[in-house]
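Below: one structure, written as structure tokens.
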Amino acid sequence: MLTVLKLGGSIITDKDLPETVDSDAIERSVDVIAGALSSEERLVVVHGAGSFGHHYAAKHGVSSSEGTYDASAVTEIHRSMSDLSERIVDALHERGIEALPIRPLSVASRTDGDLQFPSEQIAAMLAGGFVPVTHGDPIIHDSGGVKILSGDEIVVSLASQLNADRVGLCSTVPGVFDEDGDIIETIDNYDEVAGALGESEATDVTGGMAGKVRQLLELDVPASVFDLDQLETFLADGTAGTVVRGSE
Ligand code: IP8
């Protein structure tokens, strides 16, 4: 059983305060993960940027569409993501989970619009009993310099390359809301929910909930969007919150 789990940047950081982690949320998340992980379970953790990467990306005018050739700007964005990732990896180690960091800037690129995210080393880590931990990051493009890669797109790429059995996005919201403020149980068509998907409130250069749903619809396994209260349920049952079903 392979699970690809994204911990949203907005749960592990305070999105409105630059470079501020939400330590309680990190502790809670890793406690639940540690409680759920058995020796047969394999897990890839992807995390978002929250007030780390998004703050520096906005500062330098870099996004998923706007690139830069300024290496010091890229390094500043990347360094903030590495700092955040170290917090997650350290917290996992403290619970006895053999987590290893993967840095997208060092391995990933985009050519003709297509993401190249190598998965061989991640598959080998999983086979060796490790839990790979990776994150949204700036990556080089074949035109326009370095742009932002969202953790959501990494989730989609790794879930399909590694044939994941289940995918979860743990976010600040218990699911995707419809226009009446009710949780949508299942989404299988973007156009049907487009009107209900608003913009992200805090600085988020990669598209908020609309971007997440679009990404998840590309998967051929069901993906769930849920909050921290439902992380345990997701890890136990495989679904929680809103289930997004693409081309299954
Ligand atoms: O929070 C964005 O990742 P996301 C990564 O998963 C950066 O969209 C560096 C802003």
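The values are calculated or read from the model by the stated rules, or taken from the named source; none is laboratory data. Because the structure is predicted, anything quoted here is derived from the model rather than measured. Because the Cβ atoms are built from the backbone with ideal geometry, glycine has one as well, and the counts that use them run over all protein chains shown. Note: accessible area is taken over every heavy atom of the protein model, side chains too, but ligands, DNA and RNA are not part of it. Shrake-Rupley method; radii C 1.70, N 1.55, O 1.52, S 1.80 Å.
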| query | Which GluC sites (Glu not before Pro) in region 100-187 pass both tests, a DSSP loop state and at most 15 other beta-carbon atoms within 10 Å? | reply | E179, E185
| query | To the nearest 10 Å², what's D182's accessible area with a 1.4 Å probe? | reply | 80
| Alpha carbon centre of region 170-189 versus region 55-104: separation in Å? | 28
| field | 5 angstrom amide H check on V244, placed H, neighbours 5+ away | value | I187, A223, S224, V225
| remark: With label points set 7 Å from each Cα along the Cα-to-Cβ direction at D191 and E120, the distance between them in nm comes to 4.2
| query | Quick one: putting +1 on the C-beta of Lys and Arg, -1 on the C-beta of Asp and Glu, what dipole do you get for region 9-162 around its Cα centre, in Debye to the nearest 20? | reply | 160
| task | Counting helices only, and only those DSSP H runs with n ≥ 4, report the 222 nm mean residue ellipticity of the chain as the sum of -39,500 (n - 2.57) divided by its residues, in deg cm²/dmol to the nearest 500. | result | -10500 deg cm²/dmol
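Quick check on the chain: take the gyration tensor over C-alpha atoms, sort the square-rooted eigenvalues as a ≥ b ≥ c, and tell me if it's rounded (a/c under 1.5), prolate or oblate.
Details: a/c = 1.31, a/b = 1.09, b/c = 1.20.
Note, shape of the chain comes out rounded.
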| field | Sequence of S29, S106, S157, S38 when ordered by accessible area, the most exposed leading, probe 1.4 angstrom | value | S106, S38, S157, S29
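Tally up the carbon and sulfur contribution to the accessible surface of the chain as a whole percent, 1.4 Å probe, everything protein left in place.
44
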| field | Gaussian network model of the chain, springs between alpha carbon atoms under 10 Å - residue of V133, V32, V156 with greatest fluctuation | value | V32
| J(HN,Hα) series, region 67-73, from Karplus relation 6.51 cos²θ - 1.76 cosθ + 1.60, nearest Hz, glycine and proline x | x, 9, 10, 8, 5, 6, 5
| request: Give a residue-ordered list of calculated ³J(HN,Hα) values for region 124-129 (Karplus: 6.51 cos²θ - 1.76 cosθ + 1.60, θ = phi - 60°; whole Hz; x for Gly, Pro). | output: 5, 4, 4, 5, x, x
| Once you sort the root eigenvalues of the Cα gyration tensor of region 24-115 as a ≥ b ≥ c, which label holds: rounded (a/c under 1.5), prolate (a/b larger than b/c) or oblate (the other case)? | prolate
| remark: Yeah, region 123-248 with a ≥ b ≥ c from its alpha-carbon gyration tensor (a/c under 1.5 is rounded, else prolate when a/b outruns b/c, oblate otherwise) is oblate
| task | Using DSSP, restrict attention to beta bridges with both residues in the chain and report what percent are antiparallel, rounded to the nearest 5. | result | 35
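Would you mind working out the accessible area per residue for region 78-188, using a 1.4 Å probe, and quoting it in Å²?
42
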| field | Under 5 Å, built H, 5+ apart or other chain: amide partners of V131 | value | E98, A99, L100
| query | Residues in region 135-168 near a label at I183, defined as backbone nitrogen under 18 Å from the 7 Å Cα→Cβ point? | reply | 167-168
| task | Could you compute the FRET efficiency for R87 and Q161, with r as their C-beta to C-beta distance and R0 at 22 Å, rounded to 0.05? | result | 0.25
